[in-house]
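Asker: The following block contains the structure, expressed as structure tokens.
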Amino acid sequence: MWHLRMLGHLMLIFLLCEADSTCPTESNPLTVHPPEVIGEYGKTVILNCTSTELEYEEMYWRSGTTTSEKEDELDFVGWSVPLSDWHVTAKCVIKLNNSAECSKDAEITVYKNPVKVNLFPTKHTNSAVVGRPYELQCDIREVAPVKNLIVRWYINNQIIKTDSFNNTSKTPVNTFSTSKVVLRKDQHGVQLRCEAQLDFGRSGPQLPAMYATYNVSVHYAPELRNNTDNDIVDVDEGDDVTLTCEAEGNPPPVFNWTRDGVNMLENMNNLSIIQVTSNATYSCKATNYLGNITKIINVRVIPRAAAPAAMPDPGATTKKGCPLVLMPAEAVVRFGDPVSVNCSTTDVAHFEGMGWEAPFGGTGFEKSSLVTWKVENLEEWTIESKCYVNLNDSQCSVKPDITVYKNPVNVDLFPTKNIHAAVEGKPYELRCDIQEVAPVKNLIVRWYINNQIIKTDSFNNTSKTPVNTFSTWKVVLRKDQHGAQLRCEAQLEFGTSGPQLPAMYATYNVSVHYAPELRNNTDNDIVDVDEGDDVTLTCEAEGNPPPVFNWTRDGVNMLENMNNLSIIQVTSNATYSCKATNYLGNITKIINVRVIPRAAAPAAMPDPGATTKKGCPLVLMPAEAVVRFGDPVSVNCSTTDVAHFEGMGWEATFGGTGFENSSLVTWKVEKVQEWTIESKCYVTLIDSQCSVKPDITVYKTPDAVTVSLDSSPMVEGTEYKLNCDIINVAPQEKLQVKWYKGSEMVHKQRFSDPIVTPVNVSSTLMATSSRNDDRALFKCVAELHLGPKGPELVPAAESSPYTAVVYYKPQIQNCPGSYRGVEHEFHMDSLICKADGNPEPTLQWYYQGKRINASEPLTRAQSGEYTAKFVNSLGSISTTVHITIEYPPSFNCDKSYEVQADGKLQNECVPQGEPKPDIIWYKDGKQMSTPQYWRKHDSGSYSLKATNNHGTANHMLYVDVLYAPVFRKGSYTLEVTLDANVTFDCHAEGNPDPVIRWNYTSADNVMETTGGRQKNISITGATSTNAGVYVCVATNKVGSVAKAVTLVMKGKTRQFPRDIIWILIIILILITITILIVLYCSRRKKQRKYSLVSQSMPMTTKANGVQA
């Protein structure tokens, strides 16, 4: 082959000589490493480019419009390429001295593992039907490149289908795969799984598969278990009998019994018949939506002369005179679990036989001193079993004490009056509901506040079957216990000798409401302010719910409802009052503002606002007055026509003056107690009389303002109506009602009825409730807008805040999509998963479609998708959480392995553990790299150490590396003289040890001998017939090899080998051609320089044509 390689280099020299500006592929001096890159989007990869051409102008990398630093000295250039573009490219470029340019692309594949995989039935049918196609869809989200995506479908870890995709898109896409399965009834509950994995071959990255699972329920029509649809049952006359309809189906069938064609209205699979007296034909029909099946049972009565003698009344194991011993005499058994009791007698001398009588598990009469009552699945709550013994002259019996229990299915905790919050210092009652527990007399309920036990309840109910019960607790909480966790635990207790069962519990975080309180404990402050300065007053009060604030100035309502009050340019002393209110009460803080005077301009006199009736020389001061009912009022009346004046006065129902010879008269009332004021001032002149009336408005602020809900409670999404009732207010036409939600005004209403006497008025606020309205404070303010002549501060009265309670469906607030927990430590109720709702929702956990006890610790087999379901009276909401249970490493590997040399273990020893353990290999006590391919000298004992953050596991194994036979010496030729003796051997190594055999033409003087692992051939007195080829074959289970020994007799003429002659001729021709080409290139391009690198012969041509 060496002469062919030399010819290739000569051709390369010729091509380089003819090169101008192009770069033929076969002469490209660039090598890219790695030639193909597969990287994750967002990561960075490092590329290296080397050149066999040492003399060049520049070498660099180019990606899009970006280039790397240019290299002009070294024979390589590296570059770090960010994989932030799905269509990223990278090209290595070299410019040679002759201006020729070569380049080579790196193949880059950017990938993104699927974000999520979902698996669901295409027709949203939760259950499959036996024998019918059931289609599922596997959605794969945001994966790239999709052409490398493989989707595998499994049933219970058995692969059933593989899908690939032809889409050539490089960017992430959403795609899906569907699979139709036909299931059998024995596959009910089977787990279907789809795995989505990017596959880049053995040399590419081995990415983890993303998967989703779906446990499917398989429905089928009812079937009889014993395959007989017609039974005969013989019963002694007068005895009881129970008939069983052994049919099963999914959904579980509904049963219907008939007797001789007459419907018995019984719907259980068992039918109990008391004191059978006549033959009858019973029919049981089992039905579900897929079909039905009928079983016929013929009951035949065996008549007897008389009723059987009654059994003696059973006694206990301590029954005096009864020689029976029960072991155990007492047992506590979970419903559905197995139970057994041994019964033996101590009176063997008088013993005739004994047995167990029981509705299930009875033994009949046996001549044995030990009989056992045994039930595989205890599914009765009242156990009527007894052991009896027949003695020579008597019979007695004893009963075991069997307690059948069932742990609570669920525990719920909630306030009894649906009140969301407790009130400080007042009893707050909670109820703990315990569902389906038995026996309730063994139930203990413990109440806790923040893990401190407060109360314990027990129950006197003697029922043996499961019941629903409850415990209540009235607790008085303090404000510092706001947010405290209340917990009730329900636990069945059977003493120290009974089973120690886990407690079921529920929690409730309670909000504690309390009336407003002042933070600084002072209810009267003094604030000094320079005249004309601004000041902000603070009402430091707190409460739960947060209080609403109301400010007054010198007793006048300021209609400010924040805890801070800003006063601009203070000019006079005043007393401010801040009232903090919630539905539990109020507290008031007085702040006296004292003004420190400073020089100021004098205030202007106000305009008196007098009025004169045209043509009537009377002046009223004031002409208009606004007076509160019960307050004093006065109006001066004077005349401007003194020359013609004779007298004047006031006419009024009260406060009149009579006729007076005075130019100024005053109408004055100490206490206004009329709503309509009929008063006038008149004047008598020499030739006429005239009069004027003042405009008097009498007002009254409401006696009460209250807010109420038209109907209770508010439910999210429904319209509600709040009523504001204003009691005893006047005048109505001056009334304006403002509605506030918190501090925001949401509605305003004016009234136009001109009634001046006090009335009761209602204002309505209509709105659609939302969950944001829950615990919101609504109030209404009734204001009397009396115009410019009215009080400086608008008279107003406001209602106490109304706290809205809005009921709404649960809404998930905080629940992780996945969580990792530790085996035997993590349980679902330790996971923080919260939802908002009113009434407060309860959390229920489901796994594989079944509700679970969230307080039980999980095991590694219980990793998977869990459903959190939040429920209240208005609805429910669910979310899924993928739970991964972590556990320490463990090995389940063989102790020895066989592997062929240069191969991999067929069944690798991989430890179990979560997270995936790190594995370290040791040989002869020294750490080593994990073997990828096994060499023939690697056989031996190895120690494996697996570690994750939960522990360490060790395993010893022996690896036996098998390899095909190998000869120490290859084929050869052996010369021997005629009549000489010669011996040649065949020895091979291999694992297992090879079997060696010789193939040759037998002769009398040829003999085979064995020594150790080799076989020898000995020839005595060699003749011409012994000349020839002797083939040695070595074989083991890995392979077979052969070598030849050619035996040649001396004395024959030797010829010079013809192959050597031809090789020498070719060498001379190649040397001649090389010299001619070099001379030709030197003449054409003396300035060009090339560097050629050959595996066998380095050669450099310099400018002067001298070969180095």
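The values are calculated or read from the model by the stated rules, or taken from the named source; none is laboratory data. Quick caveat: nothing in here was measured; it's all calculated off a predicted structure. When we count neighbours, we look across all protein chains shown, and the Cβ atoms used for this are built from the backbone with ideal geometry, even at glycine. We work out accessible area using only protein heavy atoms, side chains counted, and drop any ligands, DNA or RNA first. Shrake-Rupley method; radii C 1.70, N 1.55, O 1.52, S 1.80 Å.
Asker: Might you report the magnitude of the Cβ-based charge dipole of the chain about its Cα centre, with Lys and Arg at +1 and Asp and Glu at -1, to the nearest 20 debye?
Answerer: Dipole size: approximately 4260 debye.
Asker: Give me the accessible area per residue for the chain, probe 1.4 Å, as a whole number in Å².
Answerer: Heavy-atom accessible area per residue stands at 56 Å².
Asker: Among 785-791, 80-86, how do they line up from the highest to the lowest mean number of other beta-carbon atoms within 10 Å?
Answerer: Descending mean neighbour count gives 80-86, 785-791.
Asker: Something else: Can you give me the long-range amide H partners of SER971? Hydrogens built in the peptide plane at 1.01 Å from N, cutoff under 5 Å, separation of 5 or more residues or another chain.
Answerer: Placed amide hydrogens put ALA1044 under 5 Å from SER971.
Asker: While we're looking at this one, here's another question. Past 31 Å, Cα to Cα: identify those pairs from LYS479/LYS741; LYS579/LYS738; LYS43/LYS869; LYS417/LYS734, in the order given.
Answerer: Result: LYS43/LYS869; LYS417/LYS734 exceed 31 Å.
Asker: Taking Cα centroids, how far is segment 897-919 from segment 396-426 in Å?
Answerer: Here the two parts' Cα centres lie 52 Å apart.
Asker: Within 10 Å of each candidate Cβ there may be at most 10 other Cβ atoms; applying that plus a DSSP loop requirement, which GluC sites (Glu not before Pro) in segment 412-457 survive?
Answerer: Sites meeting the loop and neighbour criteria: none at all.
Asker: Another question, then. Grab the other residues whose beta carbon is less than 14 angstrom from that of VAL899, score K and R as +1, D and E as -1, and report the net.
Answerer: -2
Asker: Sticking with this one: Using the eigenvalues of the Cα gyration tensor, what equivalent ellipsoid semi-axes result for segment 869-1011 when each is taken as the square root of five times the eigenvalue, whole Å, largest first?
Answerer: Over the Cα atoms of segment 869-1011, the semi-axes work out to 62, 17, 11 Å.
Asker: May I pose another question? Please quote Rg/Rh for segment 124-227 to two decimal places, taking the Kirkwood radius as Rh and restricting both calculations to Cα atoms.
Answerer: When Rh is taken as the Kirkwood radius, the ratio is 1.09.
Asker: Further question on the same structure: On a straight-distance basis, which lysines could pair with LYS936 in a cross-link, Cα separation under 19 angstrom, same-chain partners fewer than 8 positions away excluded?
Answerer: LYS904, LYS923, LYS969, LYS1037
Asker: At a 1.4 Å probe radius, carbon and sulfur cover how many percent of the accessible area of segment 341-388?
Answerer: The computed percentage sits at 44.
Asker: Could you estimate the translational diffusion coefficient of segment 618-694 from the Stokes-Einstein equation, with Rh from the Kirkwood formula over C-alpha pairs, at 10 °C and 1.306 mPa s, in whole µm²/s?
Answerer: 125
Asker: Can you give the net charge of the other residues whose Cβ lies under 11 Å from the Cβ of PRO499, counting K and R as +1 and D and E as -1?
Answerer: Value of the local net charge: -1.
Asker: Moving on to the next point. How high is the relative contact order of segment 100-211, given as a whole-number percent (alpha carbon pairs under 8 Å, six or more residues apart)?
Answerer: 29
Asker: Compute the distance from the alpha-carbon center of segment 508-535 to that of segment 933-1003, in whole Å.
Answerer: 95
Asker: Check each of the GluC sites (Glu not before Pro) in segment 790-863 and keep only those in coil by DSSP with at most 14 other C-beta atoms within 10 angstrom; list them in order.
Answerer: Filter output for segment 790-863: GLU792, GLU825.
Asker: Using a 1.4 angstrom probe on heavy atoms only, work out the carbon and sulfur share of the accessible area of segment 46-159 in %.
Answerer: Its accessible area is 44 percent carbon and sulfur atoms.
Asker: Can you classify the chain as rounded, prolate or oblate using the Cα gyration tensor, where a ≥ b ≥ c are the square roots of its eigenvalues, rounded means a/c under 1.5, and otherwise it's prolate if a/b beats b/c and oblate if not?
Answerer: Judged from the Cα gyration tensor, the chain comes out oblate (a/c at least 1.5, b/c at or above a/b).
Asker: Calculate for the chain the 222 nm mean residue ellipticity that helices alone would give, adding -39,500 (n - 2.57) per DSSP H run of length 4 or more and normalising by residue count, nearest 500 deg cm²/dmol.
Answerer: -1500 deg cm²/dmol
Asker: Tell me which residues come under 5 Å, amide H to amide H, from LEU978 once H is placed; ignore anything under 5 positions away on its chain.
Answerer: Excluding prolines and chain starts, which carry no amide H, the hits are LYS1050.
Asker: Return an integer: the convex hull volume of the alpha-carbon atoms of segment 64-202, in Å³ per residue.
Answerer: Cα convex hull per residue, to the nearest whole number: 143 Å³.
Asker: Taking all pairs of distinct Cα atoms, average 1/r, flip it, and tell me the Kirkwood hydrodynamic radius of segment 744-812 in Å to one decimal place.
Answerer: Evaluated over segment 744-812, this radius sits at 15.2 Å.
Asker: At most 16 other Cβ atoms within 10 Å and a DSSP loop assignment: could you name the chymotrypsin sites (Phe, Trp or Tyr not before Pro) in segment 190-258 that fit?
Answerer: Hits after loop and neighbour filter: PHE200.
Asker: For the chain, what does the relative contact order come out to in percent, with C-alpha contacts under 8 Å and a separation of six or more?
Answerer: Reported as a whole number, the value is 4 percent.
Asker: Where Lys and Arg each count +1 and Asp and Glu each count -1, what net charge lies around THR657 among other residues with Cβ under 10 Å from its Cβ?
Answerer: -1
Asker: Anything over 23 Å Cα to Cα? Flag those among LYS123/LYS185; LYS104/LYS170; LYS112/LYS180; LYS721/LYS809, in the order listed.
Answerer: From the list (LYS123/LYS185; LYS104/LYS170; LYS112/LYS180; LYS721/LYS809), the Cα-Cα distance tops 23 Å for LYS112/LYS180.
Asker: Also, I was wondering about something else. Under the Kirkwood approximation applied to all pairs of distinct alpha-carbon atoms, what is the hydrodynamic radius of segment 466-590 in Å?
Answerer: The answer is 18.8 Å.
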